[in-house]
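Enquirer: Would you mind keeping the following structure in view while I ask a few things?
A short reminder: the numbers here are calculations on the coordinates, not readings from a lab. These numbers were taken from a predicted model, which means no experiment stands behind them. No Cβ is skipped: glycine too gets one built from the backbone with ideal geometry, and neighbour counts run over all protein chains shown.
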Amino acid sequence: MAIDQDTVRKIASLARIAISDAEAAAMEGELSGILGWVEQLGEVDVTGVEPMTAVIPNKLRLRDDVVDADPLTGGNRRDDILANAPAPQHGFFGVPKVIE
Amino acid sequence: MSEYRIKGETGEWEVVIGLEVHAQVTSNAKLFSGAATAFGAEPNTQVSLVDAAMPGMLPVPNRECIRQAVRTGMAIEAVINKWSRFDRKNYFYADLPQGYQISQLYHPLVGEGSLTIEADEKAGIPQAKRIGIERIHVEQDAGKLMHDQHPSMSYVDLNRSGVALMEIVSRPDMRSPAEAGAYVRKLRSILRYVGSCDGNMEEGSMRADVNVSVRRPGDEFGTRTETKNVNSVRFVMAVIESEAKRQIELIESGGTVVQETRLYDPDRNETRSMRSKEDAHDYRYFPDPDLLPLELDDAFLEECRASLPELPDAKRARYIAAGISAYNADVLTAEVEAARWFDALLEAGAKPVAAANWVTSELFGALNRLGTDISKSPVSPAQAAELLGLVADGTISGTIAKQVFEKMLETGDGAADIVEREGLKQTSDTGAIEAEIAKVLAANADKVEQYKAGKEALFGFFVGQTMKAMQGKANPQVVNELLKKALA
Amino acid sequence: MSDLTNLTVAQIRDGHRAGEFSAVEVAEAFNANVADAKALNAFIVETPDHAIAAAKKADADRAAGTLKPLSGVPIGMKDLFATNGVQTTAASHMLEGFVPRYESTVSQKLWDAGCGMLGKLNLDQFAMGSSNETSYFGNVISPWRRKDGGNAALAPGGSSGGSSAAIAARLCPAATGTDTGGSIRQPAAFTGISGIKPTYGRCSRWGIVAFASSLDQAGPMARDVRDCAILLENMAGFDPKDATSLDQPVPNWEAALSSDLKGKKVGIPKEYRLDGIDADIAAMWDAGIAMLKDAGAEVVDISLPHTKYALPAYYIIAPAEASSNLARYDGVRYGLRELPQGAGLQDMYAATRAEGFGPEVKRRIMIGTYVLSAGFYDAYYTQAQKVRTLIARDFDNAFESCDVILAPTAPSAAFGLGEKTADPLSMYLNDVFAVPASLAGLPAMSVPAALNREGLPLGLQIIGKAFDEQGVLNAGLAIEERAGFTARAEKWW
């Protein structure tokens, strides 16, 4: 299915990627090509087939309710959390002000 | 059938209300990481690499959070889905580090259930009403944004990000602000009984999204709006009133209600649209590929069920069966802490009806006066049981008991000690009582005439005078019997 | 090039243990090769000190009698694995300068096993690509050249192009790769080395920059099958931090290596013999069949009927998962932030992601966003996941009549850089043989089998049943022993 530039812009907006007019025009062709190609999946008879939910049979394990049980997945490490922050502010992440 | 109607310009309108309550799950650690959930910590100190959505991080679900949601589902007699799945809800906001929230759209953990709100004539709820609950699912809470710390920046604190939430979605069964208020209060009570959420709306551990639409009685449902993050029962009711009015005015002046998200402004007591310039949210839900389907076995479910305490409705029924009035039963079961205090009082031997009356009037009255709540009651159930026992066995009268209670509050001493120390035992000495009665009747001969002529209410006056003369220490039953005899 | 850098992982490990050389000598030799090979652009960051420190520890452990399984072995680490204190970029401007405060589970296991790190290897950006031409830090150039005498720069394959180039050029004896739709196997085939993608869940994904969660798997790349087995044993294992991790013991793959395939059946999938298949590849495939027969296997024809739908299904599922996995790159907590004058939050997102992501990454995010969007979800995503079930079922059925499957790894030998970049689709078609095993989560490896008419390596792919890495490795070993592949890229850099 061909998608038009309007749709390209809508998707780019949903995906929060700014695109120029030139990029929108280029993407129109590229994405239409790719989407047209994947559409052949519609030929497959999937009656009675369930979508795959687990690649290899496995059970979802649950964690014990213990704080900071594993330091790698626990809290209490603000320095690490903020170490790569573009705009750390007194223990917070700074972002452009949002009006709610 | 709710009678609540709003009068518009062109006639009467009915309000249709559905509530989505977000309740923070009581657990030590977060839903998908080991960071702590406690309220009030320094910013970003309860944040793991997983919560901060660092590259390569993965979620692993916390068993206790699942357990609490299942227990809650059982408490509302809901279907528990042994197979459920996590889905990603994709959108961009600064309080959402992953750029998606792990939630459950397609296959929630808990299916249909219900709760019952009690009749409340004064509030316009003529009889008990069952409110349907469509589902409960488990999802991540978002972080917090602060907008007043810096002139050009908002500050992001991710401590709350990843805390487990239960989203409890009601059916659109409510028809008045009062019903909605009662629903929230009852739901909160159930959550606190179960222990799955502390229901603290001021701290944000429980908040409601209020869906409101209006229609002419008998018509199809109208278009609804959603007012998000309402954090008190009072505001829930105010939102419904204000939003219903707004919609009615809009429709009656020729407009149409737009399905949209709104925010409540308590200062102005109005809702306003949150519609942003961006396109409407397309959340692109899909099953989270980092998580497998959640499968619960019978042993897990049995443990959940066995761990449930006696729930409010069952407790209420038990109290009523014991002779306690429906009104008192409602009061006593509304708050789990009060109910448990009362149960302890019963276990200590107090008689149900007298105990219920005493707790709801004397104890609650005192707690109010002292500006405290039952969890900090200066008198324990055992001490209360002692006091009530002294009344039950005739040692003291009900009137004297009030005095003793005051002394107990003041001194912390036990009832029996106080009665002993202050010589407050009541007397059943018929001779002494007869003597006083004779004096009272002699001093009020005119009233005796009126009584014998038919003014029955004066009996109480004679009782009062006799009790006064005996400094309240006369056994009221005996006084009654002897007075009757004397006035016969 | 000193002799030490011609040694395999097994030879380094055993030679060091036997006292034939010091680990520091080995590390220094490889560090020198790395420093001398900037023209290949295989490394984004070189970490010679890390390699030396690990080597010193290995020599000390040898003296103290506390050797670890891989003491003395320096490796390259694909720059998709988070390394504590060392920049991790996923070959993207978005993560340029990002220094993790945590170590991925797989790399931690390798350091614990005694390995040293020579550097972070270049790759296709966010693991999206088949030629290592989408890296923000420039193309990786294959050490191989066509024998036509022209100096056309060739692709090393992708996305683990830095890994494959580095091993082929003797900059490291082995490296980690990741494979989502062929990103270990295809670059291994293009550069004449071996690489294995294990069963899904065998290696932990914790700390690996995620591309497509239900497909990504870490795996080793090295010069022979034994080395792959050794490395995989030290990379694999249950990780409670990864909910998709397999809770199964790691087999002793190296110890149980055997190229005796008596009693084994090898399936030849008829749908993989495409119309117009390259003649050299067809010949290699036939030669491979003969090799496995010679090793004692019985060869049977099998059918994988939904093969042709695997690639389109992959290019719906992988971008869909990626579009969500890459949403976290928004300039808020780490990585690049672009804040145009007066921009609000959402504008900051749009500007940051426009600036930080390369064109192929953007394309895939857009595709993924589209196929998940309202109105298209069922037609695309759900359909693709159903087709995926059918593809997995095809393999289940096929494995009723065979133990392993033999097929080419890629539809061509290495192509020239720039030859396929004009049309994204033509690049995607590179993955046609690799993607089905990825969708089904099955173990699959590539071993070098022949040189084509241009003098470039061709690889054979062995696909096995779930959890049967041993079967795959053994068949790979059988081919390796008979293929006599000793060709090496001649040093032009």
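Enquirer: Can you check what the Kirkwood hydrodynamic radius comes to for segment B:310-422, Cα pairs only, in Å to one decimal?
Expert: Over segment B:310-422, the inverse of the mean reciprocal pair distance is 14.2 Å.
Enquirer: When Lys and Arg each count +1 and Asp and Glu each count -1, what net charge do the other residues less than 14 Å away from C:P411, Cβ to Cβ, add up to?
Expert: That works out to -2.
Enquirer: With each pseudo-label sitting 7 Å past Cα toward Cβ, what's the A:E50-C:L274 distance in nm, one decimal?
Expert: It is 3.3 nm.
Enquirer: Then there's this: Could you run the Debye sum over the Cα atoms of segment B:6-300, one equal point scatterer each and no solvent, and tell me log10 of I(q)/I(0) at q = 0.13, 0.17 Å⁻¹, two decimals?
Expert: The calculated log intensity ratios at q = 0.13, 0.17 Å⁻¹ are -0.96, -1.50.
Enquirer: Still on this structure, please answer the following. Which pairs in the list B:K407/B:K447; C:K68/C:K262; C:K293/C:K465 are over 26 Å apart, alpha-carbon to alpha-carbon?
Expert: Pairs exceeding the cut-off: B:K407/B:K447; C:K68/C:K262.
Enquirer: Given B:W83, B:T261, B:F286, which one lies farthest toward the positive end of the charge dipole of chain B, if we put +1 on the Cβ of every Lys and Arg and -1 on the Cβ of every Asp and Glu?
Expert: B:T261
Enquirer: Could I ask something else about it? Just check segment B:241-357 against the gyration tensor rule for me: Cα atoms, a ≥ b ≥ c as the square roots of the eigenvalues, rounded for a/c under 1.5, and otherwise prolate or oblate depending on whether a/b exceeds b/c.
Expert: Because a/c hits 1.5 or more and a/b fails to exceed b/c, segment B:241-357 counts as oblate.
Enquirer: Pairs of Cα atoms under 8 Å, at least six residues apart: use those to get the relative contact order of segment C:30-126, whole percent.
Expert: Details: 174 pairs, mean separation 38.2, N = 97.
Dividing the mean separation by the residue count of segment C:30-126 yields 39 percent.
Enquirer: May I pose another question? Which order do the peptides B:94-103, C:472-481 come out in when sorted by mean C-beta neighbours inside 10 angstrom, highest first? Can you show the working numbers first?
Expert: Details: B:94-103: 22.4, C:472-481: 25.8.
Ranked by mean Cβ neighbours within 10 Å, highest first: C:472-481, B:94-103.
Enquirer: I need the per residue convex hull volume for segment C:240-337, using only the alpha carbons, in cubic angstrom as a whole number.
Expert: Output value, Cα hull per residue: 233 Å³.
Enquirer: Answer rounded, prolate or oblate for segment C:209-248, using the Cα gyration tensor with square roots of eigenvalues a ≥ b ≥ c: rounded when a/c is under 1.5, else prolate when a/b is larger than b/c, else oblate.
Expert: oblate
Enquirer: Test of understanding: extend the Cα→C-beta vector of A:K59 to 7 Å, then name every residue of segment B:282-296 with backbone N under 16 Å from that spot.
Expert: Counting only backbone N, you get B:292-296.
Enquirer: If I model chain A as equal point scatterers sitting on the Cα atoms and use the Debye formula, what is log10 I(q)/I(0) at q = 0.17, 0.22 Å⁻¹?
Expert: -0.94, -1.10
Enquirer: Further, regarding this structure: Would you mind estimating how fast segment B:430-487 diffuses translationally, via Stokes-Einstein at 20 °C and 1.002 mPa s with the Kirkwood radius over Cα pairs, in µm²/s?
Expert: D, rounded to a whole number, is 193 µm²/s.
Enquirer: Considering only chain C, what is the antiparallel percent among its DSSP beta bridges, to the nearest 5?
Expert: 70
Enquirer: Among rounded, prolate and oblate, which fits segment C:126-174 when a ≥ b ≥ c are the square roots of the eigenvalues of its C-alpha gyration tensor, a/c under 1.5 means rounded, and a/b larger than b/c means prolate?
Expert: oblate
Enquirer: Next question, about the same structure. Enumerate the amide H contacts of C:G267 below 5 Å, restricted to partners 5 or more residues apart or on another chain; note that Pro and chain-start residues carry no placed amide H.
Expert: Close amide H contacts, sequence-distant or interchain: C:V300, C:D403, C:V404, C:I405, C:L406.
Enquirer: Output wanted: per-residue J couplings in Hz (rounded whole) for segment C:470-484, from phi through Karplus 6.51 cos²θ - 1.76 cosθ + 1.60, θ = phi - 60°, x for Gly and Pro.
Expert: 3J(HN,Hα) across segment C:470-484, in whole Hz: 4, x, 5, 4, 5, 5, x, 5, 4, 5, 4, 5, 9, 6, x.
Enquirer: Evaluate the relative contact order of chain B (contact order divided by residue number), counting alpha-carbon pairs under 8 angstrom at least 6 apart; express in whole percent. Don't skip to the answer; put the middle values down first.
Expert: On the way: 863 pairs, mean separation 66.9, N = 488.
After rounding, I find 14 percent.
Enquirer: Given C:K197/C:K265; B:K82/C:K241; C:K56/C:K147; C:K120/C:K386; A:K59/A:K97, which pairs have Cα atoms separated by over 32 Å? Before the final figure, lay out the partial values.
Expert: Numbers: C:K197/C:K265 21 Å; B:K82/C:K241 24 Å; C:K56/C:K147 41 Å; C:K120/C:K386 37 Å; A:K59/A:K97 43 Å.
Exceeds cut-off: C:K56/C:K147; C:K120/C:K386; A:K59/A:K97.
Enquirer: Helix-only mean residue ellipticity at 222 nm, the protein assembly as shown, DSSP H runs n ≥ 4 weighted -39,500 (n - 2.57), per residue, nearest 500. What is it?
Expert: So the helix-based figure for the protein assembly as shown works out to -11000 deg cm²/dmol.
Enquirer: On average over all directions, what projected area in square nanometres does chain C have, based on the convex hull of its Cα atoms?
Expert: Computed as one quarter of the Cα hull surface, the answer is 22.4 nm².
Enquirer: How big is the gap, in Å, between the Cα center of segment B:212-272 and the Cα center of segment C:150-179?
Expert: For segment B:212-272 versus segment C:150-179, the Cα centre distance is 62 Å.
Enquirer: Let me know the Kirkwood hydrodynamic radius for the protein assembly as shown, please, with Cα pairs as the basis and the value in Å to one decimal.
Expert: Taking every pair of different Cα atoms in the protein assembly as shown, averaging 1/r and inverting gives 33.4 Å.
Enquirer: With 21 Å as the cut-off, how large is the P(r) tail for segment C:357-493, expressed as percent of Cα-Cα pairs? Walk me through the numbers before you get to the answer.
Expert: Numbers: 5382 of 9316 pairs.
Summing the P(r) of segment C:357-493 above 21 Å gives 58 percent of all pairs.
Enquirer: Loop by DSSP (not H, G, I, E, B), at most 16 other beta-carbon atoms within 10 Å: where is the longest site-free stretch of chain B for GluC sites (Glu not before Pro)?
Expert: Longest stretch, sites excluded: B:311-455.
Enquirer: Treat every Asp and Glu Cβ in the protein assembly as shown as -1 and every Lys and Arg Cβ as +1, leave all other atoms uncharged, and give the resulting dipole magnitude about the Cα centre to the nearest 20 debye. Write out the running numbers ahead of the final one.
Expert: Values: 110 positive and 144 negative charges, 174 e Å.
Result for the protein assembly as shown is approximately 840 debye, rounded to the nearest 20.
Enquirer: Just checking the output field for C:317-328: average partner chain Cβ neighbours within 10 Å of each residue's Cβ? Please list the in-between numbers first.
Expert: Values: counts 3, 0, 2, 3, 5, 0, 8, 11, 9, 3, 13, 11.
Per-residue shielding by partner chains comes out at 6.
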